[in-house]
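Please read the structure below before turning to the comments.
What follows draws every value from the coordinates through simple rules; no lab data is involved. These figures come from a predicted structure and were not determined experimentally. Don't worry about glycine lacking a Cβ; one is built from the backbone with ideal geometry, like all the others, and counts go over all protein chains shown.
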Amino acid sequence: MGRLAKEKGMYFTVHHHMGTGVQTTEEIDKLMEITDPDLVYLLFDTGHLAFSGEDAVAVLKKYVHRVKHVHLKSIRQSVIDEAKVKGYSFLDCVRAGSFTVPGDGDFDFTPVFDILAEADYEGWVVVEAEQDPAKANPFEYAVLARNYIREKTGL
């Protein structure tokens, strides 16, 4: 797939994600080890690494030069903690509000922004909320995230 993408001028990125075969740092390490660094890249997702209890900053530092797509989302640790106690599924946890936008929640994006800037990252960056729009007005949260990113990065 990496070769096909490259032939078409695209990057083949793998998204580590809760509930999949590539979720933890160990699994990301294995993926990066067994794939060609000129053909397979990483979609780095702050929310999924934080949700799984992994050190997102360490993963980004290690693989920033293989990152071609970034998802920025924060977590609400109290929701995740409650979900673990009550045995929620991942989907139930998302519905309960485990994720939110940068500028809300418990994830510190400053080191992520610093690492991306130091590496002269120029790929895609997508802000994700993954929230129930009936509970969290999408426009209000988009503005919150935009203001936070501007404050932290100057962009």
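Points to keep in mind about this one:
- For LYS135, the lysines whose Cα falls under 23 Å of its own Cα, not counting residues fewer than eight places away in the same chain, are LYS73, LYS84, LYS86.
- Farthest toward positive dipole pole in the chain [+1 Lys/Arg, -1 Asp/Glu at C-beta], among ALA5, VAL125, VAL57: ALA5
- Each Lys and Arg Cβ is given +1 and each Asp and Glu Cβ -1; about its Cα centre, segment 98-155 then shows a dipole of about 240 debye.
- Charging the Cβ of each Asp and Glu at -1 and of each Lys and Arg at +1, and nothing else, the dipole of the chain about its Cα centre rounds to 340 debye.
- Listed values (1) 53, 32, 28; (2) 43, 38, 27; (3) 70, 37, 27 include one computed from this model; for Cα extents along the principal axes in Å that value carries the label (2).
- Placed amide H near PHE99: partners under 5 Å, 5+ positions off or other chain: ARG76
- Loop GluC sites (Glu not before Pro), segment 88-155, which have at most 12 other Cβ atoms in a 10 Å radius of their Cβ (DSSP): GLU122
- Residues with amide H under 5 Å from that of LEU72, placed H, sequence gap 5 or more: VAL126, VAL127, GLU128
- The chain, helix-only ellipticity at 222 nm - DSSP H runs n ≥ 4, -39,500 (n - 2.57), divided by all residues, nearest 500: -13000 deg cm²/dmol
- Given the chain, longest segment not containing exposed loop trypsin sites (Lys or Arg not before Pro) (DSSP; at most 14 other Cβ within 10 Å): 9-134
- Along the axis of the charge dipole computed for the chain (Cβ charges of +1 for Lys and Arg, -1 for Asp and Glu, origin at the Cα centre), the listed residues TYR41, THR100, PRO138 are led at the positive end by PRO138.
- Farthest toward positive dipole pole in the chain [+1 Lys/Arg, -1 Asp/Glu at C-beta], among TYR148, VAL14, PHE113: VAL14
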